[in-house]
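Please treat every number below as a calculation from the coordinates, not as lab data. All values reported here derive from a predicted model rather than from experimental measurement. Positions of Cβ are backbone-derived with ideal geometry, glycine not excepted, and every protein chain shown enters the neighbour counts.
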Amino acid sequence: MIMNYGHFARDGQEYVITDPATPRHWYNYLWNDHYVSFTSQVGYGEGFAQDDLGRRAMLVINRMLYLIDTADNSSWTANALPVNQGYRNYRCTHGIGYTEIALEYAGIVSALRLFVPRADSAEVWSLQLTNTRSSACELKAIAYVKTAMDTFYRPQGYDLGGADFDPELQAVVSRNFVKFGSDTSRLMHGYLMSAEPVSAYDGRNDAFIGPYGHDLRPVALEQGGCRNSNCISEKICFALEQTVTLAPGETRELHFVAGVARDRPEIAGIRRRLLSHGGVAAEFESTRDKLAADIAGFSIETPDEGLNNLFNGFLKHQTSLGSRWARVRHNGFRDTNCDCECLGLFNPELAWERAKRIIAYQYSNGYAPRTFLDGKIIDHDYIDNTVWITFNVYHLLKERGELSMLEEIVPYNDGSESTVYEHLRRSVDFLWKERGELGLVKIWGGDWNDCFKWIGPKRKGMSVWLSIAWYLANKQFAEIARLTGRNEDAGIAEARGAEMRRIVNEVAWDGGHYLIAITDDGEKLGTMANEEGKIHLIAQAWAVLAGIGTDGKAEKAMDSVDRLMNTDLGCLMSWPAYTRQYLNIGDVSEKLPGVHENGGVYLHACTWKLAADCLLKRNERVQEDLEKLLPANFKWGEKHCEPYIMCNSYFPKEAGYRYATPGQSWRTGTGAWFLKAIAYYIFGIQPDMEGLRLNPCLPSAWRTCSIRKRFRGADYVIRYEQVDLGGCNRIRAIMVNGKPHGGEVLPWAPNGRFEVKVILGKHAT
Ligand code: GLC
């Protein structure tokens, strides 16, 4: 049975889940620059604050909103847990920046809405209660935060946490030792605060949940409410109880704020600002407006309703999450750069601010770390991270068209600084100098594939994919050098590029496709001569993206991909999957066959295939790639994942019972690059210094479609028409504001409005 458990609403700005028992938790992410939280359709999830060095204050480990009817002490939750309790009219609305869970139980209608305000390290919970009974009722509503603000209390540990109730703030406030922010001499406080005076509270987890209790069944519920417990050197919690009497038909609204703050005056400030009359409503509106504006710069209209909904809402929002928080569990360097680049397609100003923040983590020798977390820069020896800087800057430059971006000063992670241009120069130079015996770039502890850890620990092994990626970055760098009159640098880069092109095509070609790597001991990986892992998708797709193939090799490589790796769920990452541990390859061979990078349908890589098929103008393939990637498109078989957001992978047949189920959602580069594949490669909107260049390749079944894009202050509406379907994808004519237009670069003027019509046919005219 085809199950979407709900539907899109408001043109993709919301997904409404109508059955709480989805196959697994279906999440929404809510965040600002300082705080990120996620919540599923039953309120489950975490929330934490982060400082500039990635130190974290783990405020929320789970959240619950319990309801007790004082007449008979019966209880339920506004979360809809347990899911089988017989709630009526359940509806979870995941929106851009908020989630609301609504339900009815025993004649009481509840709506619990969560959002993260624009700037505070906090999340706001609003609970609306309506009595639909014919008689009055008295309810207790208890907000509960399971927390790690006691720095992860461990049983039998040396625990130092504490929490107590502050009557002025109407908040349970924790005292603890989280090191955070620039002034680490001060304690950080977690708190849960109520707008209205509370009737009881708890700060001690054992009092509220009980030493043998559980989030779903705290002892406090059996005992009729909170115990008024403070906490000394035990596991803390935050729980606040409100007693509410409701006449028949009456509605009341309660507000709680869970947050992290330096001191009590700061909490008092938040109380005055957010919890004063109308404060929450005003902040909610402003947050929603801001987030809508952040993603307004590009929208699409195609014959595929599911794609329109996904692209015009959550796909852009997911890209924005990645550009600030990639990948949430840590702060990935390549990941953030990659997502900033894609954010540039619809919000280049915001992308540029975020890009400079992440580029500042590069080392001054050109190398870049894998991530930063908990106050530390973490290398892991993945050598590719630095290559992503150039892609990021190049594309943001093309979007914004301001060469002055390259002269802006950005620090390195050791305190020195240089122009952005110099960051790029050191990046391409570093990788060029880190080449192995055959002239390919070395792989060290891994490249984009995090699980290639043991190919090059002796620093001899080489990465074919990274050599190809470097070729592209270096080509972009050469262009930038020419644009800024640095002709000597450009000349060097162009000569190096030609050399790398020759090397890749000579030493990394296997006859039908490109290898993926060469080990420390000179063993070739990704060749038909290997027993397993004979072919890897990313080297082939990137050969097309980078334009590195000579004599039709890249086209041939993509033919091999289609012949060997195509499945109903999408293209495999590698084929066949490794079935045993290879000590000269890496932990990819420790993953079960079909799991993620080990021959799974790894969707980030599939977006590169989609882009490559566009460049090769294979529009029947484009149609198929797209259908397989879309989470709610079941043409090739049902998928069991969130229909409104991209996940990192679908598990193929090899993965047994996990078939067609996803890996993690939201925290993946798939979303950002899927967006790019659609905007830049399918619609072919490819900004250049002189204007928007068109190079589309529409899916074979689309007759008409259109996009709207804001570009350097001008607005474009571009309508496409394929005049004869099937294998037709060349531009035959372009009309701008009703007049024929020569060339593929659209005109531009400040504040201009351009109505563009693009006719596509079998042959260019
Ligand atoms: C994960 C990581 C990403 C990496 C990929 C392949 O998605 O977030 O950075 O490149 O896996 O290993």
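Structural remarks
- Label-point gap, in nm, between Lys762 and Asp568 - each point 7 angstrom along Cα→Cβ: 3.4
- Value of [θ]222 nm, deg cm²/dmol, for the chain, DSSP H segments ≥ 4, -39500 (n - 2.57) each, nearest 500: -8000 deg cm²/dmol
- Separation of segment 219-291 and segment 30-96, taken as the distance between their Cα centroids, equals 13 angstrom.
- Percent RCO, i.e. relative contact order, over the chain, from Cα pairs under 8 Å lying at least 6 residues apart: 9
- For Lys179, the lysines whose Cα falls under 30 Å of its own Cα, not counting residues fewer than eight places away in the same chain, are Lys146, Lys235, Lys356, Lys376.
- In straight-distance terms, cross-link reach from Lys617 covers every one of the lysines whose alpha-carbon lies under 17 Å from its own, apart from those fewer than eight places away in the same chain; here that gives Lys553, Lys556, Lys609, Lys676, Lys762.
- Of the trypsin sites (Lys or Arg not before Pro) in segment 18-117, those whose Cβ has at most 16 other Cβ within 10 Å and which sit in DSSP loop: Arg24
- Between Met528 and Asp551, the modelled labels are 1.6 nm apart [label points 7 Å from Cα along Cα→Cβ].
- Estimated FRET transfer efficiency (Arg217, Asn413; beta-carbon r; R0 41 Å; 0.05): 0.30
- Spin-label proximity, Asp381 to segment 459-477 - amide N less than 18 Å from point 7 Å beyond Cα toward beta carbon: 459-464, 466
- Summing Lys and Arg as +1 and Asp and Glu as -1 over all other residues whose Cβ lies under 15 Å from the Cβ of Ile759 gives a net charge of +3.
- Pairwise FRET efficiency - Tyr44 versus Glu620, Cβ, R0 = 56 Å, nearest 0.05: 0.85
- Cross-link reach list, lysines versus Lys757, counting only Cα pairs under 16 Å and skipping chain neighbours closer than eight places: Lys709, Lys739
- Part-to-part distance (alpha-carbon centres) for segment 481-503 and segment 541-558, which is given in Å: 20
- Overall shape: oblate for segment 1-104, with the ratio a/c of the largest to smallest alpha carbon gyration tensor axis at 1.5 or above and b/c at least equal to a/b.
- A viscosity of 1.567 mPa s and a temperature of 4 °C, combined with the Kirkwood radius over C-alpha pairs in the Stokes-Einstein formula, give segment 458-556 a diffusion coefficient of 92 µm²/s.
- Extension gain, Trp636 to Asn487: 0.36 nm times the residue separation minus the Cα-Cα distance gives 48.5 nm.
- Neighbourhood net charge (15 Å Cβ-Cβ; Lys/Arg +1, Asp/Glu -1) for Leu406: -1
- Relative contact order (percent, whole number), segment 685-761, Cα cutoff 8 Å, 6+ residue spacing: 36
- The separation of segment 386-402 from segment 172-200, counted between C-alpha centres, amounts to 40 Å.
- Scaled against the 2.2 N^0.38 Å expected of a compact globular protein of N residues, the Cα radius of gyration of segment 6-292 reads 0.95.
- FRET E, pair Ala701, Ala281, Förster distance 60 Å, beta-carbon r, rounded to 0.05: 0.85
- Note on Tyr657 and Glu506: the model spin-label points, each 7 Å out from Cα along the C-beta direction, lie 5.4 nm apart.
- For segment 506-539, applying the loop criterion from DSSP together with a ceiling of 15 other beta carbons within 10 Å to the GluC sites (Glu not before Pro) yields Glu531.
- The trypsin sites (Lys or Arg not before Pro) of segment 583-673 that DSSP puts in a loop, and whose beta carbon has at most 14 other beta carbons within 10 Å, are Lys635.
- The chain gives an Rg/Rh value of 0.99, both radii derived from C-alpha positions and Rh following Kirkwood.
- Sum of side-chain charges, Leu67 neighbourhood, beta-carbon under 12 Å (Lys, Arg +1; Asp, Glu -1): -3
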